[in-house]
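To keep things clear, I will list the structure first and then write my remarks on it.
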Amino acid sequence: MNISFVGAGIGSLYAALLLTHKYPSLNVTIYEKEQRVGGRLNYVEFENGARVDEGPTIVLLPGKLKSQLLEAGFPERELELIEVDPLYRLRYEDGTTFYKYRDIERQAAEIDRLFNEGDGFRKYMTQKREEYRLGFDAFLDRGYKGKTDLFEPKLLMLLMRLKAYETAHENMKRFFKDERLRVAYSLQTLYIGGNPYDTPSLYGLIPYREQEEGIWYVKGGYFSLATKIEQELRRRGVTFELNANVERVRVEQGQANAVIVDGVIHPYDAVVVNGDFPLMERLIDGVKPKSYEPSSGTLLLYFTVTGEIELPVHQFDLPDDFAGSMRTIFEDGKLSKYPAMYTFNPSLIDDSLAPEGTSVLYVLVPVPRKLEREDFETSGAIEHLIGRIEQMVPAFRDRVLEMKVRTPMDAERFGLFEGGSFGIAPKLAQSAAFKPQARPYAHIDRLYAVGASVHPCGGVPIVMIGSQLLVKRMEEEMGALYHDDTRSVSSL
Ligand SMILES: Cc1cc2nc3c(=O)[nH]c(=O)nc-3n(C[C@H](O)[C@H](O)[C@H](O)COP(=O)(O)OP(=O)(O)OC[C@H]3O[C@@H](n4cnc5c(N)ncnc54)[C@H](O)[C@@H]3O)c2cc1C
């Protein structure tokens, strides 16, 4: 049987890993329009040979990630995870500096030291632990066959119990009095491109989980995971067609049966689309694209500098008026004068990324979409960010060897829907059963989907849960075919 994937993002790579482990005789081909695999899980390279992650930096759900890779027969020795503790530093404009630690009592003491709210934090952990236990199986680790699946009384009651009608920030008022703490435990919706003041509290389980399992780092950079999976897949006989832009997915008599590249028809028994789903819809024969709301855009700055950078591995540098800044970006569609700024300094724990005596630094800022580099230059936004870094890293400007910039318009040109970095926005109306599923259309057989804009959500291990749901669905619908090559197009 022959299966093709459109796009070599982590969703495809991991699904191919699972499929080839379970069914070694499957013929799998992955088409990727770029010259290398990984999609958003990629790297930026500098003239001095230094490399830094281009997209994902924070390894969440490390336990899940490891078990997922083991389940697909990925050699365990290939994945070296390093724990980052403190998880990160939060630095507020008013001068308050606050650390998150994995150890719950140490964290409670840190919160008591500054805010005298350690008990609120303990209550938060107890309650969220229970919510995560209930919510994971009910909403994350399952697929949906139709929207009405969500209307089961049990699920509706659970949604009420999890207070899905509250926003992530509003929900924090139940645990914390100080606004800085409410922000510290709700800003993580930004990891998936959602405004904490407008994103359902279900997504607010991210900060709970990172506190419980910690934040980890893949030795060699998160991007190295994509390269290593590619190597393993090649070893298993998977074909990679790079620089191959799929123009159309052919559907005949209600069945997807080919992809078209450079006008050439390549027949398959099944097609999995992995590019950002709203854009993939436009390639599929006979499908009327729906409208979706994109996630937030990001401005990304990447540096290589001389010497070590005096910053923790992860840091959030936050405005006093965080709510106002979010409103400016998400509601007014304007650049915030003092935006939240995330910095990632992996050279502190990984000397393999940059030549001796140099380091790399990654800076991410949520911004409105549709902006080009010149918008950030003329508005002074890039200068403002460099100035803020220099307040923490003496003589930063003078030490910069090279800077690279990625804007929302770069993301759009790369193929991210409307330049949103994280797939479709995490809104209730675009979540769970209301999100595109592994089998997106009841009327098209043999067409499947995986990726950040497909259920369950963006984020590397979460997209990989989507790959697991995809393989399950393919097995339900085509299981017999995996063992029956006589019904494959290759033998027709
Ligand atoms: C700036 C940024 C920071 C992030 N930070 C984190 C983080 O810290 N932790 C975390 O877990 N996640 C993070 N994420 C999210 C994570 O990177 C994504 O959720 C995940 O990598 C998406 O994988 P995907 O399977 O959807 O594929 P994608 O990465 O979207 O890849 C899809 C691939 O399809 C290809 N393609 C598209 N159209 C075609 C076509 N017509 N023909 C052939 N190929 C095509 C594209 O070139 C691309 O390579 C971040 C994302 C970004 C952008």
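Here is how the numbers come out for the structure above:
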quantity: For peptides 449-458, 354-363, sequence by mean Cβ density within 10 Å, most packed first; calculated: 449-458, 354-363
quantity: Whole-Å distance, taken between Cα centres, linking the range 99-126 and the range 341-363; calculated: 29
quantity: √(5λ) per eigenvalue of the Cα gyration tensor, the range 320-373, largest first, Å; calculated: 31, 13, 7
quantity: Peptides ranked, highest mean first, by Cβ atoms within 10 Å: ranges 223-234, 392-403; calculated: 223-234, 392-403
quantity: When each of K66/K163; K173/K219; K66/K177; K100/K219; K163/K288; K100/K177 is checked by Cα-Cα distance, pairs over 28 Å; calculated: K66/K163; K173/K219; K66/K177; K163/K288
quantity: Net dipole in debye of the range 295-403 [+1 Lys, Arg Cβ; -1 Asp, Glu Cβ; about Cα centre; nearest 20]; calculated: 360
quantity: FRET efficiency, 1/(1 + (r/R0)^6) with R0 30 Å, evaluated for D320 and D112 via beta carbons; calculated: 0.85
quantity: The chain - charge dipole about Cα centre, Lys and Arg +1 at Cβ, Asp and Glu -1, debye rounded to 20; calculated: 1260
quantity: Beta bridge orientation in the chain: antiparallel %, DSSP, nearest 5; calculated: 70
quantity: Environment charge at T167 (Cβ cut-off 14 Å; Lys +1, Arg +1, Asp -1, Glu -1); calculated: +2
quantity: On Cα atoms only, tilt of 381-392 relative to the major axis of the chain in degrees; calculated: 60
quantity: Net dipole in debye of the range 74-117 [+1 Lys, Arg Cβ; -1 Asp, Glu Cβ; about Cα centre; nearest 20]; calculated: 120
quantity: Bins of 5 Å, starting at 0 and running to the largest distance - Cα pair percent for the range 119-216; calculated: 3, 13, 23, 25, 20, 10, 5, 2, 0
quantity: The chain - convex hull of alpha carbons, volume per residue in Å³; calculated: 141
quantity: Farthest toward positive dipole pole in the chain [+1 Lys/Arg, -1 Asp/Glu at C-beta], among Y88, A433, N2; calculated: A433
quantity: Listed residue (L300, L190, V44) projecting farthest to the positive dipole end of the chain, Cβ model; calculated: L190
quantity: Sparsely packed GluC sites (Glu not before Pro) within the range 2-83, loop by DSSP, other Cβ within 10 Å at most 16; calculated: E34, E47, E80
quantity: Nearest-ten-degree value, helix 104-115 long axis tilted from longest Cα axis of the chain; calculated: 40
quantity: L134/D332 FRET efficiency (R0 45 Å; Cβ-Cβ; nearest 0.05); calculated: 0.75
quantity: Helix-only [θ]222 nm of the chain, DSSP H runs n ≥ 4, -39500 (n - 2.57) each, per residue, nearest 500; calculated: -9000 deg cm²/dmol
quantity: The range 131-178 versus the range 250-306: alpha-carbon centroid distance in Å; calculated: 29
quantity: Spatial extent of the range 246-315: Rg and Dmax, with the Cα atoms as the point set, Å; calculated: 20.3, 62
quantity: Proximal charge balance of L70 [Cβ under 12 Å; K/R count +1, D/E count -1]; calculated: 0
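No lab work stands behind these numbers, since they all come straight from the coordinates. Since we're looking at a predicted model, the values are computed, not measured. Every residue, glycine among them, receives a Cβ derived from its backbone with ideal geometry; neighbour counts consider all protein chains shown.
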